[in-house]
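Worksheet for the structure shown next.
The values are calculated or read from the model by the stated rules, or taken from the named source; none is laboratory data. Quick caveat: nothing in here was measured; it's all calculated off a predicted structure. Cβ placement follows ideal geometry from the backbone for every residue including glycine, while neighbour counts extend to all protein chains displayed. Side chains included, ligands, DNA and RNA excluded: accessible areas come from the protein's heavy atoms. Shrake-Rupley method; radii C 1.70, N 1.55, O 1.52, S 1.80 Å.
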Number of protein chains: 2
Amino acid sequence: MKIAVVAPSCPLKPEAAERVQAIVADRGDCELVIHPQCFLTDGHFAGSDHVRLAALREVMADSTIDAVWFARGGYGSNRIAEAAMNGLPDAARSKTYLGYSDAGFLHAGFHKVGLNVVWGPMPQDALRGDHGLDQGEDAVRRALDWLVRRDISALEPELRQPAMAFNLTVLSNLLGTPLEPDFSGVDLLIEEVSEEHYRIDRTMFHMTASENVRRVARIRLGRVGAIPANDPDFARDEAQIVEEWCLRAGMTYGGRADIGHDAGNRVVPFGGP
Amino acid sequence: MKIAVVAPSCPLKPEAAERVQAIVADRGDCELVIHPQCFLTDGHFAGSDHVRLAALREVMADSTIDAVWFARGGYGSNRIAEAAMNGLPDAARSKTYLGYSDAGFLHAGFHKVGLNVVWGPMPQDALRGDHGLDQGEDAVRRALDWLVRRDISALEPELRQPAMAFNLTVLSNLLGTPLEPDFSGVDLLIEEVSEEHYRIDRTMFHMTASENVRRVARIRLGRVGAIPANDPDFARDEAQIVEEWCLRAGMTYGGRADIGHDAGNRVVPFGGP
């Protein structure tokens, strides 16, 4: 299996790339091609929109590549996602696209046009030190276990298919755009990071007002990390917030899910395991 | 003129209420009734949803009241806005509704059902100390000048009617909800506070994807205050961001507007001056 890494959002840290290459060398069951675009910088982004889109299109069109792994999140994939959905080369259809966080803009649009997208850890996660794991390298191994061997132990354990997983803020910001997929019957997993409780409440208001989102089978809540303190305190936690908005919208709240912006983040294939 | 103050979002500070009452006493051209609900606290909010909605409905139904002034922003009016739009009493239709920031959720829904809504300073602004003014009291006087005397010097100076003004994040979060008004032909003024440049870019992506928003006459950008530093720096300022997304969406960018989360904030009647 040949895996290409590109960065549609922010640049990949070289030390993360080194660690992931070491993990791949140790495994010996796949080849990793880290596109030089991953290390470019143009303001906030890993190269200009044009450069990021060109790298993405290049690996999508390469028939020798089996999987496209998004290097990291941050911000910026929304700026090129609609262009990347259009005029798909045939070779784009036989690959798996893996990532999470800001990559959700690509996941949404790519799923909509029939590509095989998967939520899961990314190369930059190699640098994480949470969850008592070895600096996030276990997260990277988990992603590779899924990509290379379709190892079901990498999966979020209570998935029902069809499933989708999104960062809540990313999902809110793609509603009403050309990237919005059909949510009918979907096991929708959401997670959040670095947003105050009041913002989570506001985003849930927005998301659950969508007639499309209301057609999901159920909403499940992953971890909500690094919530900034707010004055006044919101007095309700994230599970209470999500459950209330599900109730208001007549949606099923399916409890917690094992995903998040952390080293424990698990794999969620959109199309099925 | 009798003006009622209610707090559909967060509680009003008593010292702000005192200052505004002193300004009103000094003017002698209006009566201000500050509803006791303004000082209640229930977690983040000025009372529970039920209590805030009841106070709002009470003043909307009171035929002796000429204007409803929202005490302050914060967060929470979206939680009661749809209920407040429904079953409108006749007395609600002869009033002016004034506020900004989080009150935009009410403005959107109320404008949609034909009420007379106006963007402008709120009682809590009496405590502001920016713009070289006397602690925001000039902002409060400006709002009262419009409410009581329809003083055109309070207006945003380059308005074309019909106009609307919204906090960008509030506007983004009401798209696709029952509160979303018709933007056709509108001079749409937006402003922002405490959002990083990358978030402003992401929200502009979301907002300008809306076919409804694309029908505005033009987008004008108010002040964008208290932008948190971000690593990496976004390398583009707010005007460049807004102008780029207008260009991408085929919308007219009409330049800067004299509104914002500050003491210089001016008045924007949605229906016309």
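Of note:
- Filter result for A:E158 (open to solvent by 30 Å² or more (accessible area, probe 1.4 Å) and in a loop (DSSP other than H, G, I, E, B)): yes
- Region B:202-212, subset of a type in the set (S, T, N, Q) and not in a helix (DSSP H, G or I), residue nearest to the other protein chains (Cβ to nearest Cβ): B:S210
- Complete set of residues in region B:76-109 that are over 12 Å from the mean Cα position of the chain (by Cα) and of a type outside the set (G, A, S): B:N78, B:R79, B:I80, B:E82, B:M85, B:N86, B:L88, B:P89, B:D90, B:R93, B:K95, B:T96
- Count of region A:210-267 residues, restricted to those that are of a type in the set (G, A, S) and either under 27 Å from B:L179 (Cα atoms) or touching a helix residue (DSSP H, G or I) at 6+ places or on another chain (Cβ under 6 Å) (or both), is 7.
- Members of region A:107-123 found to be away from chain B (no Cβ under 14 Å), crowded, with 24+ Cβ neighbours inside 10 Å and assigned to a helix (DSSP H, G or I), listed by number: A:H107, A:F110, A:P123
- Strands (runs of 3 or more DSSP E) completely within region B:26-106 that count 2 or more residues being among the hydroxyl-bearing types (S, T, Y), in contact (Cβ under 8 Å) with a residue 12 or more places away in the chain and out of contact with any Gly (no Cβ under 8 Å at 6 or more places or on another chain): B:96-99
- For region B:190-201, filtered to residues that are within 11 Å of chain A (Cβ to nearest Cβ) and in contact with a Gly (Cβ under 9 Å, 6 or more places away or on another chain), the residue that is farthest from A:G104 (Cα to Cα) is B:S194.
- Filter pass, B:E58 being within 19 Å of B:G114 (Cα to Cα), among the acidic types (D, E) and surrounded by fewer than 16 Cβ atoms within 10 Å (Cβ to Cβ): yes
- Selection of region A:25-49 for residues being open to solvent by 10 Å² or more (accessible area, probe 1.4 Å) and either away from every other protein chain (no Cβ under 14 Å) or over 26 Å from A:I80 (Cβ atoms) (or both) yields A:A25, A:D26, A:R27, A:G28, A:D29, A:C30, A:E31, A:L32, A:V33, A:I34, A:H35, A:P36.
- Residue within region B:11-18 that is touching a residue at least 60 places away in the same chain (Cβ under 8 Å), within 14 Å of another protein chain (Cβ to nearest Cβ) and either open to solvent by 50 Å² or more (accessible area, probe 1.4 Å) or among the basic types (K, R) (or both) present: yes
Matching residues to (1) more than 24 Å from B:A249 (Cα to Cα); (2) more than 17 Å from the chain's Cα centre (by Cα); (3) of a type in the set (A, V, I, L, M):
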| site | (1), (2), (3) |
| --- | --- |
| B:G136 | yes, no, no |
| B:R141 | yes, no, no |
| B:I152 | yes, yes, yes |
| B:L159 | no, no, yes |
| B:G176 | no, yes, no |
| B:Y198 | no, yes, no |
| B:D201 | no, yes, no |
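- For region A:80-99, the criterion of a residue being within 13 Å of another protein chain (Cβ to nearest Cβ), open to solvent by less than 50 Å² (accessible area, probe 1.4 Å) and touching a Phe, Trp or Tyr at 6+ places or on another chain (Cβ under 8 Å) is satisfied by at least one position.
- Every listed requirement among (1) within 16 Å of the chain's Cα centre (by Cα); (2) farther than 18 Å from A:Y100 by Cβ is met by A:E191 save one, (2).
- Test: residue in region A:241-254 that is away from chain B (no Cβ under 14 Å) and crowded, with 23+ Cβ neighbours inside 10 Å: yes
- With respect to (1) more than 14 Å from chain A (Cβ to nearest Cβ); (2) open to solvent by less than 10 Å² (accessible area, probe 1.4 Å); (3) assigned to a loop (DSSP other than H, G, I, E, B), the lone exception for B:S184 is condition (2).
- Looking across region B:213-237 at every residue that is open to solvent by less than 20 Å² (accessible area, probe 1.4 Å) and within 13 Å of another protein chain (Cβ to nearest Cβ), the one that is farthest from the chain's Cα centre (by Cα) is identified as B:F234.
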